[in-house]
1. Right, GLY85: touching a residue at least 60 places away in the same chain (Cβ under 8 Å) and touching a helix residue (DSSP H, G or I) at 6+ places or on another chain (Cβ under 6 Å) or not?
2. Within region 37-71, track down each residue that is among the acidic types (Asp, Glu) and within 13 Å of ligand 2 (Cβ to nearest atom).
3. Only residues that are over 19 Å from LEU47 (Cβ atoms) and of a type in the set (S, T, N, Q): list them for region 159-212, please.
4. Do the conditions hold for LEU163, that is, is it buried (at least 17 other Cβ atoms within 10 Å of the Cβ) and within 16 Å of ligand 2 (Cβ to nearest atom)?
5. Restricting attention to region 78-96, and to residues there that are surrounded by fewer than 15 Cβ atoms within 10 Å (Cβ to Cβ) and more than 16 Å from ligand 2 (Cβ to nearest atom), which single residue is nearest to ILE138 (Cα to Cα)?
6. Hand me the list of helices (runs of 4 or more DSSP H) wholly inside region 1-115 holding 3 or more residues that are within 13 Å of ligand 1 (Cβ to nearest atom) and under 17 Å from the mean Cα position of the chain (by Cα).
7. For THR198, state whether it is within 16 Å of ligand 2 (Cβ to nearest atom), under 13 Å from the mean Cα position of the chain (by Cα) and farther than 23 Å from ASN102 by Cβ.
8. Which count do you get for residues in region 118-138 that are in a helix (DSSP H, G or I) and either surrounded by 20 or more Cβ atoms within 10 Å (Cβ to Cβ) or in contact with a Lys or Arg (Cβ under 9 Å, 6 or more places away or on another chain) (or both)?
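No value in this document is a laboratory result; all are computed from the given coordinates. All of these numbers come straight from a predicted model, not from anything done at the bench. Glycine gets a Cβ as well: all are built from the backbone with ideal geometry, and neighbour counts include every protein chain shown.
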Amino acid sequence: MIQIEHVSKTFSGKYGTVHALDDVSIHVEKGDICGIIGFSGAGKSTLIRLVNGLETADSGKVTVCGKELSTLKKPELRALRRKIGMVFQQFNLLESKTVYHNIALPLILAKTPKVEIDKKVKEVLKIVELEDKKDTYISQLSGGQKQRVGIARALTTDPELLLCDEATSALDPQTTESILKLLKKINRKMGVTILLITHQMQVVQMICNKVAVMESGKIVESGSVLEVFGSP
Ligand code: ADP
Ligand code: ADP
């Protein structure tokens, strides 16, 4: 599903050159829930931005859903992005709009017919168990409910891959657990592969089957959760 091979990425700024990624290799198979764990500044966001084509690698190869990103033209990259759902720490929802509107937005932008949009919104709201909140304004929801809406929105294009960027970092432990259970359900029942980045060990231990530990742009350990962290 994702092959990252010897990828490096540097940023140059006021304070010199930062090796955001330094010879990083990661393989994520279909059906995996792979966690990338590391402190702030380790390079996790840069890695996720490479996978969805928002950044390009300086060297090395990134292949997603069988496509090597550096070879793709804009329309092909756009088509690939429809197979990738994104879930964010701060939800990235329109607070003054309804749940329906937020979830429908990507479909409205893709000029999907209204009947299909209605059907899809109903379907994804069922998955995230928020069917009764369709007409509620985002500003009236709890953090956990907002993240469920964020996940529902990510599912509207039937993605093969979900990229979760600190998806539970703004939530309390109980809500975190319920969101992680939901992600696991989406992985198991819908066969969606998940790559998540987090700084929270319990997130990795709760749902991941694979983990890579990042430090200063390098993968310092990787393998099954059992191999890397030992038995609980
Ligand atoms: P993480 O997500 O693990 O916190 P990031 O990938 O955001 O790490 O950042 C890795 C390093 O690269 C940090 O030192 C960060 O400041 C730097 N960095 C990330 N994006 C940019 C950018 N667009 N320009 C300059 N430096 C950047
Ligand atoms: P996160 O903690 O979720 O990684 P950040 O605030 O670190 O969010 O980064 C937000 C955006 O800013 C990202 O797109 C990242 O690539 C970019 N960025 C991060 N660090 C730097 C930096 N030192 N200079 C410029 N852009 C940066």
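1. Criteria met by GLY85.
2. GLU55 - this is the single residue of region 37-71 that is among the acidic types (Asp, Glu) and within 13 Å of ligand 2 (Cβ to nearest atom).
3. Scanning region 159-212 gives GLN174, THR175, THR176, SER178, ASN187, GLN202, GLN205.
4. Judged against the criteria, LEU163 is a match.
5. First, pick out the residues of region 78-96 that are surrounded by fewer than 15 Cβ atoms within 10 Å (Cβ to Cβ): 78-79, 82, 90, 92, 94-96.
Narrowing the set further to residues that are more than 16 Å from ligand 2 (Cβ to nearest atom) leaves 78-79, 82, 94-96.
Numbers: ARG78: 28, ALA79: 29, ARG82: 24, LEU94: 7, GLU95: 5, SER96: 6 Å.
Per the criteria, the residue is GLU95.
6. By residue number, 44-51.
7. Details: within 16 Å of ligand 2 (Cβ to nearest atom): yes; under 13 Å from the mean Cα position of the chain (by Cα): yes; farther than 23 Å from ASN102 by Cβ: yes.
In short, yes.
8. Result for region 118-138: 9.
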